[in-house]
Amino acid sequence: MFSLRLALQSIFKDKWMNFLSMLSIGVMLFILVSVAIIVYNVERLTARLPERLTVMVMLKEGVAGEEIKAAQAVIKAEPAVKAVTFVSKERAMEDLKRSFKKDDFILKGFGENPLFDSFDVKIKSEGVHIDEVKRLIQKIKSMKGVDDVEYGEALMDSLYALKSGMRALGLSIGIVFVCSVTFICYTTVKILFYRHKDEIEVYKLLGATRWFVRAPFFIEGSIIGILGGMIGSGMLMGLYQYFIRRLIADIPMFAFMSIPLQFMYMLPVAGMLLGLGGSVLALGRLKY
Amino acid sequence: MIELENVSKAFGGYAALSNISLKVERGDMAFVTGPSGAGKTTLFKLLYLAEKPDEGTITIAGCNVADVKSSYIPLLRRNIGVVFQDFKLLNNKTVYDNIALTLRIRGFMEREIKERVHSVLKMVNLRHKVDNYPLTLSGGEQQRITIARSIVGEPTVMLADEPTGNLDEENEKEIMRIFKQINAKGTTILIATHNRALFRNTARKVFTLEGGMLRGEEE
Ligand SMILES: Nc1ncnc2c1ncn2[C@@H]1O[C@H](COP(=O)(O)OP(=O)(O)O)[C@@H](O)[C@H]1O
Ligand SMILES: [Mg+2]
């Protein structure tokens, strides 16, 4: 209790320095969480991608009916696959003709049907990872009787690259900012500690334990972290209210954006942990 | 209660204490005297573990100082009440909070702290200054506050470094009366002073330091 009072007194005494620290922590946590939100949204977006994907499996010429049936069953048994439809080259031709309608004379130029038998593979919409789809495609490619597999490769690959890029970026920004926030708390607490050095000397001479001397600074670091986190939450709230909502209203393309509200509660907690971590680092090796 | 054996301490080649051996029994009131710069404060610093001896062994309150683990130092210091020569009062805290700090460090309840602080302030006749800040007090008053702080924790050993250095004769007598009173309750007291008049008719044991060496020991 006494430690808490000391901590609060100390925070108020150096309120400008502490406020600046809180502000920088707030801004950093805000940037951190913004990056997290972007990564989160990219993840969400790409997680639903396979559902839009139709994989066309082209079969080799002259594969027997049983073999086709067997292959279909194998593909169907894959956990990621929702449905497999066999499309014979005759069906494919009819479809093609239908789409050309009256202009089907174009097709008359071909003597024999130039198309091929194929499967239309539909991927399950929920819980299928892009990696899994890639693996599946590799597997189908290596199956007997399969000529080639056609899918939105370019699109998928670029999204895949975007996703892993975002992840790497998010992770590195995350690490940098976590370190920075810890460092700010570390420095602030260290400065506060040095300002009270004479006082602490007296405390020690009067018989204060290491814990008693350090507790107010741990509390102080945590409080600075919490308040910094709250500033970050406030900014996030502001961003959401005044920017993203309008963006979504004006440009429907951004309707998929979502900000998980848990972030708002998480920021002060994260701030507190980092603040505490910073102060422990600052005073951890305080000797007697 | 306090024992030094062949203790030496040097600061960068300058011997502040050389080969000191002395013993103060439990319940004694002893004096260390000698001119300024003789090493009295250094001796005290060794006793409350603010400095380490270069040589020799020191025993205080039943502990061999060299063997004390750093986590135990605070507990040992709680058994030693020190009147610092330079007071070491916290100028941003009131008289009350300065004295109460000793007890807060020990985890006392606020109610008991209040009781004890008022009782020691009464002993040093400064009850009316309870809400003052140290810098608004005279040197003699600050000194008495320091004495009050050193006794409020009821230590088993008291080390008083020039406790009457800033006091007039009237207050000096009063302080000596307080020390005797505390000593009568069983507290061992070691007082450093350059003022021989202080112990002329009270001393049981006087150690005389000069240039870091023990010159004499009188019973
Ligand atoms: N921390 C220190 N560094 C260097 N010299 C010191 C230090 N402390 C004390 N001394 C020297 O040791 C000698 C004894 O000092 P001190 O113990 O304060 O004497 P006294 O208290 O008897 O006046 C002095 O000459 C002083 O200058
Ligand atoms: Mg001295």
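The values are calculated or read from the model by the stated rules, or taken from the named source; none is laboratory data. This structure is a prediction, so every number in the text was calculated from the model and none was measured. Positions of Cβ are backbone-derived with ideal geometry, glycine not excepted, and every protein chain shown enters the neighbour counts. In case anyone asks, the SASA skips ligands and DNA or RNA and just uses the protein heavy atoms, side chains included. Shrake-Rupley method; radii C 1.70, N 1.55, O 1.52, S 1.80 Å.
In table form, for the structure just shown:
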quantity: Neighbours by Cβ (under 9 Å, 6+ apart or cross-chain): first from the stretch B:153-181, more than 14 Å from chain A (Cβ to nearest Cβ); second open to solvent by 50 Å² or more (accessible area, probe 1.4 Å) and within 16 Å of ligand 2 (Cβ to nearest atom); calculated: B:Glu162/B:Gln85; B:Glu162/B:His194; B:Pro163/B:Gln85; B:Gly165/B:Gln85; B:Gly165/B:His194
quantity: Segments classed as helices (runs of 4 or more DSSP H), wholly inside the stretch B:1-108, with at least 2 members that are within 14 Å of ligand 1 (Cβ to nearest atom) and open to solvent by 20 Å² or more (accessible area, probe 1.4 Å); calculated: B:40-47
quantity: Number of the condition not met by B:Gln85 [criteria: (1) within 10 Å of chain A (Cβ to nearest Cβ); (2) within 13 Å of ligand 2 (Cβ to nearest atom)]; calculated: (1)
quantity: Wholly within the stretch A:194-271, helices (runs of 4 or more DSSP H) carrying at least 2 residues that are touching a residue at least 12 places away in the same chain (Cβ under 8 Å) and farther than 30 Å from B:Ala148 by Cα; calculated: A:210-239
quantity: Boolean, B:Val68 is within 12 Å of chain A (Cβ to nearest Cβ) and within 16 Å of ligand 2 (Cβ to nearest atom); calculated: no
quantity: Answer residue from the stretch A:248-276, given it is open to solvent by less than 40 Å² (accessible area, probe 1.4 Å) and modelled with pLDDT under 75 and is nearest to A:Leu45 (Cα to Cα) among those; calculated: A:Ser258
quantity: Among (1) within 17 Å of the chain's Cα centre (by Cα); (2) among the acidic types (Asp, Glu); (3) not in a helix (DSSP H, G or I), the one test that B:Asp131 misses; calculated: (1)
quantity: Qualifying residue in the stretch B:42-59 (condition: within 13 Å of chain A (Cβ to nearest Cβ) and away from ligand 2 (no atom under 16 Å from the Cβ)); calculated: yes
quantity: Yes/no for A:Ile175 being more than 14 Å from A:Leu59 (Cα to Cα) and modelled with pLDDT of 75 or more; calculated: yes
quantity: Evaluation of B:Val130 against (1) open to solvent by 30 Å² or more (accessible area, probe 1.4 Å); (2) out of contact with any strand residue (DSSP E or B) (no Cβ under 7 Å at 6 or more places or on another chain); (3) under 21 Å from B:Glu154 (Cβ atoms) (one fails), failing number; calculated: (1)
quantity: Yes/no for B:Glu218 being more than 26 Å from A:Phe2 (Cβ to Cβ) and surrounded by 19 or more Cβ atoms within 10 Å (Cβ to Cβ); calculated: no
quantity: Unmet requirement for B:Asn201, which otherwise passes all of (1) assigned to a loop (DSSP other than H, G, I, E, B); (2) open to solvent by 10 Å² or more (accessible area, probe 1.4 Å); (3) in contact (Cβ under 8 Å) with a residue 24 or more places away in the chain; calculated: (3)
quantity: Residue list for the stretch B:139-197, filter: closer than 19 Å to B:Thr102 by Cα, more than 11 Å from the chain's Cα centre (by Cα) and open to solvent by 10 Å² or more (accessible area, probe 1.4 Å); calculated: B:Glu141, B:Gln142, B:Arg144, B:Gly153, B:Glu154, B:Thr156, B:Ile182, B:Thr187
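Let's see how each residue does on (1) at pLDDT 75 or above; (2) open to solvent by 70 Å² or more (accessible area, probe 1.4 Å); (3) part of a helix (DSSP H, G or I):
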site: A:Ala83; (1), (2), (3): yes, no, no
site: A:Glu90; (1), (2), (3): yes, yes, yes
site: A:Lys101; (1), (2), (3): no, yes, yes
site: A:Phe119; (1), (2), (3): yes, no, no
site: A:Ser125; (1), (2), (3): no, no, no
site: A:Ile140; (1), (2), (3): yes, no, yes
site: A:Ala154; (1), (2), (3): no, yes, yes
site: A:Asp157; (1), (2), (3): no, no, yes
site: A:Leu162; (1), (2), (3): yes, yes, yes
